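The values are calculated or read from the model by the stated rules, or taken from the named source; none is laboratory data. Small disclaimer: the values here were computed from a predicted structure and weren't measured. With ideal geometry, Cβ positions are generated from the backbone for all residues, glycine too; neighbour counts draw on all protein chains shown. Heads up: the accessible areas ignore ligands, DNA and RNA and are worked out on the full protein's heavy atoms, side chains in. Shrake-Rupley method; radii C 1.70, N 1.55, O 1.52, S 1.80 Å.
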Amino acid sequence: MSGWLVIAGLGPGSETLVTPEVTAALAEATDVVGYIPYVARVAPREGLTLHASDNRVELDRARHALQMAAAGRRVVVVSSGDPGVFAMAAAVFEAVESGPADWRELDIRVLPGITAMLAAAARAGAPLGHDFCAINLSDNLKPWALIEKRLRLAAEADFAMAFYNPRSKARPEGFARALGMLRDVCGDDRPVIFARAVSTPEQAIRVVPLTEATPDMADMRTVVLVGSSLTRIIARNGVPIVYTPRSAPE
């Protein structure tokens with residue numbers, strides 16, 4: 001087969017945070033496939049066809065990309081951040097597993113990107129400097145009971161945490177429940193970082209104690225980072241520095 005499929009991360013927003021490897025793949029591509037706002041980040045050019053689709057058709061999008069690659073096209077499936085973190089890489093491989101046998105022989109590559117939680121952490125300092133976990137708070141693809149269980153266990157284990165998709169207009173109540181659980185389990189004033197539109201002109205970083213965090217501080221463009229019991233704040237003018245030491249007491 002002469003075609004190939006690349007699953008690429010476009011980073012958190014700024015063009016300067018797109019890796020050279022991803023830029024090179026886009027320059028060679030005949031087709032770019034992805035969610036509407038992510039495809040809009042790819043500059044049109046002669047010989048390139050852009051295929052934008054809605055956010056809830058991941059498997060259909062993946063199958064379309066695989067079909068084009070099998071037909072000899074050079075296809076890039078784009079995600080924001082890193083394609084392997086709550087994004088399109090898993091959807092493509094799910095489609096490969098359930099699809100025609102010849103899809104397994106395609107040249108498929110995953111190109112990493114800077115995911116939102118790492119970009120947000122860098123802007124705040126080093127809140128993920130010790131053990132941490134990432135949890136997607138959207139219950140579109142998994143039940144809330146599972147999210148709740150993972151939240152509680154992560155809090156009891158004293159991980160720092162990164163929350164993707166914390167709150168949307170369609171499900172505003174989930175993040176409120178998550179904050180309530182964290183307050184009950186943690187019982188302290190560990191810092192919560194609300195990082196919105198990181199690396200774009202609309203970037204806003206806000207650090208508040210857990211007891212003062214409210215659901216309306218987040219939307220779908222926000223990544224929320226919650227420190228562990230060891231996370232520290234260095235006060236200064238403007239946004240403080242937040243970091244978690246690399247060691248833990250015995």
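Using alpha-carbon pairs under 8 Å, 6+ residues apart, how would you state the relative contact order of the chain in percent?
Numbers: 504 pairs, mean separation 49.4, N = 250.
It rounds to 20 percent for the chain.
What is the percent carbon and sulfur in the accessible area of the chain, measuring with a 1.4 Å probe over the protein chains and ignoring ligands?
Accessible surface attributable to carbon and sulfur in the chain totals 52 percent.
Looking only at region 162-189, which residues have a backbone nitrogen under 18 Å from a spot 7 Å from the Cα of E156 in the C-beta direction?
Within reach of a label on E156: 178-188.
Please give the FRET efficiency for R104 paired with L146, using the beta carbon to beta carbon distance and R0 = 25 Å, rounded to the nearest 0.05. Provide the component values of the computation, followed by the final result.
Working: r = 30 Å, r/R0 = 1.19.
So the FRET efficiency works out to roughly 0.25.
Which parts of region 186-204 would a label at R221 reach, counting a residue when its backbone N lies under 19 Å from a point 7 Å out along Cα-to-Cβ?
Within reach of a label on R221, which here means backbone N under 19 Å from a point 7 Å along Cα→Cβ, region 186-204 contributes 193-204.
So what's region 82-221 giving for Cα Rg divided by 2.2 N^0.38 Å, two decimals? Please list the in-between numbers first.
Numbers: Rg = 17.0 Å, N = 140, 2.2 N^0.38 = 14.4 Å.
Cα Rg divided by the expected 2.2 N^0.38 Å: 1.18.
Please build a GNM for the chain, connecting alpha carbons under 10 Å apart, and tell me which residue among P37, P12, P100 fluctuates the most.
P100
Express in whole angstrom the spacing between the alpha-carbon centres of region 201-250 and region 66-126.
One Cα centre to the other: 29 Å.
Quick one: angle between helix 88-98 and the longest Cα principal axis of the chain, in degrees between 0 and 90, rounded to 10, please.
50
Quick one: compute the contact order of region 141-250, relative version, from alpha carbon pairs under 8 angstrom and 6+ residues apart, as a percent. List each step's numbers first, then the result.
Values: 164 pairs, mean separation 31.3, N = 110.
Once normalised by length, the contact order is 28 percent.
So how many Å³ per residue does the convex hull of the Cα atoms of region 1-128 work out to? All intermediate terms of the calculation are to be shown ahead of the outcome.
Details: hull volume 13.1 nm³, N = 128.
Considering the Cα atoms of region 1-128, their hull volume per residue is 102 Å³.
Would you kindly calculate the mean projected area, averaged across all directions, of the convex hull enclosing the Cα atoms of region 143-221, in square nanometres? All intermediate terms of the calculation are to be shown ahead of the outcome.
Numbers: hull surface 21.2 nm².
That works out to 5.3 nm².
Rounded to the nearest 5, what % of DSSP beta bridges with both residues in the chain are antiparallel?
Working: 19 of 46 bridges.
If we restrict to bridges inside the chain, about 40 percent are antiparallel.
Give, in whole angstrom and from largest to smallest, the semi-axes √(5λ) of the equivalent ellipsoid of region 59-139, with λ running over the eigenvalues of the Cα gyration tensor. All intermediate terms of the calculation are to be shown ahead of the outcome.
Working: eigenvalues 192, 34, 20 Å².
That gives 31, 13, 10 Å for the three semi-axes.
Determine the per residue accessible area of the chain with all protein chains present and a 1.4 angstrom probe, expressed in square angstrom.
Values: 12470 Å² over 250 residues.
Dividing the accessible area of the chain by its residue count gives 50 Å².
How far apart, in nm, are two points set 7 Å out from the Cα along the Cα-to-Cβ line at N55 and at S2?
3.9
Quick one: pull the percentage of alpha-carbon pairs in the chain with a separation above 27 Å.
Working: 12746 of 31125 pairs.
The answer is 41 percent, as a whole percent.
Specify the residue with the greatest mean-square fluctuation among S138, S168, S98, computed from a Gaussian network of the chain linking alpha-carbon atoms under 10 Å apart.
Greatest mean-square fluctuation among the candidates belongs to S98.
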